[in-house]
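The values are calculated or read from the model by the stated rules, or taken from the named source; none is laboratory data. Please read all numbers here as calculations on a predicted model, not as lab measurements. Ideal geometry is used to build each Cβ from the backbone, glycine not excepted, and the neighbour counts take in all protein chains shown. Just the protein is used for accessible areas: all its heavy atoms, side chains included, with ligands, DNA and RNA removed. Shrake-Rupley method; radii C 1.70, N 1.55, O 1.52, S 1.80 Å.
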Amino acid sequence: MPRFIRGLLRLLALLAGLSLLILSSPPFLVFPLGFLALLPLLWVWETSASHGRAFLWAFFSGTIFYLFHLNWIPYMITDVPVPRWLLWLGMSLLVLYEGVWWGMAGVLAKRLKASPAWIGAPGFAACWTLLEYIRAHMADFSFPWAPLWAPALADPPLASSAAFWGSFGISFTIALINSLLYRAARARSWKPILWAFGLVVLSHSIGLIPNGTRKIGWIRVAIVQPNILLEAWPEVEESYRPLADSLSGKGIQLVILPESAFPGPLRYSGRVQALASLIARSAGAPVVLASWDKEVKRYYNTVFLVSKEGRVLDRYDKVILVPFGEHYPFHEHLPDFITRIDIGVGDYSAGKEVKPIRTDSVLLGPYICYESLFPDVARTQALSGAMLLLNLTNDGWFGTSLGPTEHFHLGRLRAPETGRFILRAGKTGISAIIDDKARIVRRLGLLERGIIVSDVPLVEGKTPYMILGDWPAILSVLILVGALFYTFRKEGER
């Protein structure tokens, strides 16, 4: 076959695989394309002429994939002037960074090409899972966006299986099914297809098993979505007052406002305190909101619980900050002249611990915006006794782009992982109630103004994932080491 035709076929296969993967992920969530999307990509990577070319093909695949998923970054709305070229540069560097992780997966696929299906398929799945796990635990370089488990959000039984093995267990499952089907097609064998079918049945059956939690009561909540971003105080008060009036007489026990609910710090602004108290009095219930705070020359992004009388009852300081948004990555090691350059980067400090906040006898597990991408935060809140998870966010900076929608969907899996309902309050959307199977019970869309009032269950108990943590990542290390040992040994015998 001429080199040109061969290269064209490889490019078409790559585009087919990426199209399937994109369609299977948010916002499309076309089921069950996620079980097939990696097949064309594996063919391209495995049949590359060398490991270096396998890396380049996989790297190219990853950059195209993340160009789609991150194309909203250059169009962000910022509260301080930021040169547009700087946002384009930031997106480009992030896309290249994510492409490197894919490149490593491509090299491993090439390395395991000659191994039998029972070694190569789990070896590749373990590699992909381990790379996702490391990518989510890189301190300020962590960015677990567009993971392989995302298609499970269109598949409630598979999403529910997160109660047993978490998001990384689902990624392993999807990667293994893809790899088995690819091996079956390559070898023209039915046996890997039967293994893949058995894995589909097993993973969905696991999602139907009781998750170890139990409902212990109900609470009537109101989620307020004001749909404001950079408005001045008159417009803010004009937005909130009718919303506050509509809360009266509904028997509400808790009101949830979004991140950056008001244009000012709660503890240092009389206008913020007055408006928060007005909402609490109208509802006859305490209010949860997020506001910046200052303590001894340190700034925090903080969730406050405010009583009907306007007193702060409890607080939670955001632990995982947004790199280049809320602080410079590794800022403590950077020279002062760099951190003083104003390119719109915040100067926040991370909170000291993940902990619930308490209203009466109810423990609430809040986390802010970006923290919804990290399973460890919600898991720690639930392990600390939280009966309900609260995700307060402000995605208004991203307008109507893919950013807010994908951020919303990626946070849904925290519910089945912990067996808790999630109440999500977005300043401009999306606000929603998510049940313990990651299903959307109620929602307010982007750029809508309104309130969700609903009774939601309070839950106690521990899911297997809460107890065991990310054990699929540990298992992936063992599988990958075993697969590479087998491969190198067989190569040495030739």
Contact order relative to length for region 393-432, counting C-alpha pairs under 8 Å separated by 6 or more residues, stands in percent at 51 percent
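Skip the ligands, DNA and RNA, and give the accessible area per residue of region 30-178 with a 1.4 Å probe, whole Å².
On the way: 5080 Å² over 149 residues.
Solvent-accessible surface per residue comes out at 34 Å².
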Here the gain from full extension of TRP85 to LEU67, 0.36 nm per residue of separation minus their alpha-carbon distance, amounts to 4.9 nm
In nanometres, the difference between 0.36 nm per residue of separation and the alpha-carbon distance of GLU448 and TYR299 is 50.6 nm
Percent antiparallel among DSSP beta bridges confined to the chain, nearest 5, equals 70 percent
Reduced to Cα centres, the span from region 144-200 to region 1-58 in Å works out to 17 Å
Within region 34-56, the residues whose backbone N lies under 19 Å from a label point placed 7 Å from the Cα of LEU15 along the Cα-to-Cβ direction are 37-45
With +1 on the Cβ of every Lys and Arg and -1 on the Cβ of every Asp and Glu, the dipole magnitude of the chain about its Cα centre, in debye rounded to the nearest 20, is 1460 debye
With a Förster distance of 41 angstrom and the Cβ-Cβ distance between MET138 and LEU313, calculated FRET efficiency to the nearest 0.05 equals 0.70
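Does region 73-164 come out rounded, prolate or oblate, given a ≥ b ≥ c as the square roots of the eigenvalues of its C-alpha gyration tensor, rounded meaning a/c under 1.5 and, failing that, prolate meaning a/b above b/c?
It is oblate, given that a/c is not under 1.5 and a/b is not larger than b/c.
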For LYS110, the aspartates and glutamates lying under 13 Å Cα to Cα, once residues fewer than eight places off in the same chain are dropped, come out as GLU46
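Express in nm, to one decimal, how much length is gained between LEU383 and VAL201 on full extension, taking 0.36 nm for each residue of separation and deducting their alpha carbon distance. Mind showing how you got there, number by number?
Details: separation 182, 0.36 × 182 = 65.52 nm, distance 2.98 nm.
Taking 0.36 nm per residue and subtracting the Cα distance, the gain is 62.5 nm.
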Here the FRET efficiency for ARG271 versus ILE77, based on Cβ atoms and R0 = 22 Å and rounded to 0.05, is 0.40
Under the rule rounded for a/c under 1.5, else prolate if a/b exceeds b/c, else oblate, using alpha carbon gyration tensor axes a ≥ b ≥ c, region 377-494 is classed as oblate
Rounded to the nearest 500, the 222 nm mean residue ellipticity computed for the chain from DSSP H runs (n ≥ 4, each -39500 (n - 2.57)) alone is -15000 deg cm²/dmol
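What's the local net charge at TRP165, with K and R +1, D and E -1, over the other residues with C-beta under 10 Å away?
-2
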With label points set 7 Å from each Cα along the Cα-to-Cβ direction at GLU353 and ARG281, the distance between them in nm comes to 3.6 nm
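From the Cα trace of region 1-158, what convex hull volume per residue do you get, rounded to a whole Å³?
Details: hull volume 22.5 nm³, N = 158.
Here the figure is 142 Å³ per residue.
Over the chain, what relative contact order in percent results from Cα pairs under 8 Å that are six or more residues apart?
On the way: 1033 pairs, mean separation 88.4, N = 494.
Relative CO of the chain lands at 18 percent.
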Taking a straight Cα-to-Cα line shorter than 22 Å from LYS355, and setting aside same-chain lysines fewer than 8 residues away, one finds LYS215, LYS294, LYS318, LYS462
Quick calc of log₁₀ I(q)/I(0), the chain, Debye, one scatterer on every Cα, no solvent, q values 0.07 1/Å, result -0.39
Percent relative contact order for region 1-160, counting Cα pairs under 8 Å at least six residues apart, stands at 25 percent
Carbon plus sulfur, as percent of the 1.4 Å-probe accessible area of the chain, comes to 64 percent
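Looking at the square roots a ≥ b ≥ c of the eigenvalues of the Cα gyration tensor of region 191-333, which shape do they give, rounded for a/c under 1.5, prolate if a/b is larger than b/c, or oblate? Don't jump to the answer; show the numbers that get you there.
Working: a/c = 2.49, a/b = 1.53, b/c = 1.63.
Note, shape of region 191-333 comes out oblate.
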